[in-house]
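Take a look at the structure below.
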Amino acid sequence: SGCAALLIGGGAGAGAGTVAYLKGELKSTEEASIDKTWQAAQETMKDLEFVITSKEKDTFSAKLIAYRANDKKVEMYLQKASERTTEVKIRVGVFGDESLSLIILESLKKHL
């Protein structure tokens, strides 16, 4: 069921470190600038051997689209929350893949 929510860390607030999986999309707020998170996102795709097919970025947001070897689409959206925090959204395929989304997020965190 893609409707269950998964909350990890973060405690009571929705600040940095909070992770939620809802409706096929993994959301996380990371303590890193959008520029640093953008660089980490690209390095993550290389590490996981995903082929990046589209990259867009401005001062406030970024979008990266990549494909796995099995042609499954991976989308990563970044939104500047503050100078030092970035909201990250990851969707795998049409309906989502929670376990792969968490692997992608963990790889991203290693680069931050």
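The values are calculated or read from the model by the stated rules, or taken from the named source; none is laboratory data. Predicted model, so just to flag it, every value in this text is computed and none were measured. Positions of Cβ are backbone-derived with ideal geometry, glycine not excepted, and every protein chain shown enters the neighbour counts. Just the protein is used for accessible areas: all its heavy atoms, side chains included, with ligands, DNA and RNA removed. Shrake-Rupley method; radii C 1.70, N 1.55, O 1.52, S 1.80 Å.
Any idea of the accessible area per residue across segment 43-112, 1.4 Å probe, to the nearest Å²?
Roughly 59 Å² per residue, with all protein chains present.
Using the structure shown, list the pairs from K27/K110; K23/K57; K23/K55; K23/K110; K23/K46 with a Cα-Cα distance above 22 Å, or answer none.
Pairs exceeding 22 Å: K23/K57; K23/K55; K23/K110; K23/K46.
Do any GluC sites (Glu not before Pro) in segment 45-96 lie in a loop, going by DSSP, with at most 10 other beta-carbon atoms within 10 Å of their beta carbon, and if so which?
The qualifying sites are E49, E83.
Rounded to whole Å and sorted largest first, list the principal axis extents of the Cα atoms in segment 50-112.
Principal-axis extents of the Cα atoms in segment 50-112, largest first: 36, 22, 21 Å.
Ratio of segment 43-84's C-alpha Rg to 2.2 N^0.38 Å, to two decimals?
Compactness ratio reported: 1.28.
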